[in-house]
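Report on the following structure.
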Ligand code: SF4
Ligand code: SF4
């Protein structure tokens, strides 16, 4: 299972990460109603993250970290 962490102090709400989160039309990252510290809408997971890391690579602010969580 993968989780993403978004640095609220860095995210400028450009949605590039959401655009790149796309596997044959399936997108699990979308804009939320939660605000970043910069006053823009943060992205949020709306499904199961595949761990491809495209969002992490695409973010110009280095605001996303994708992490694999081990099951207990
Ligand atoms: S996490 Fe990065 S790519 Fe995604 S909206 Fe924020 S600044 Fe843009
Ligand atoms: S790691 Fe891949 S599947 Fe997960 S949120 Fe980022 S782009 Fe989407």
>> With every atom except the alpha carbons ignored, what do you get for Rg and Dmax of region 2-68, in angstroms?
In response: 10.7, 32
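Given a cut-off of under 8 Å on Cα pairs at least six residues apart, what relative contact order in percent is computed for region 2-68? Let's see the in-between values first.
Details: 130 pairs, mean separation 30.1, N = 67.
That works out to 45 percent.
Every number here is computed from the coordinates shown, using simple stated rules; none is lab data. Every value quoted in this text rests on a predicted model; they were computed, and no experiment measured them.
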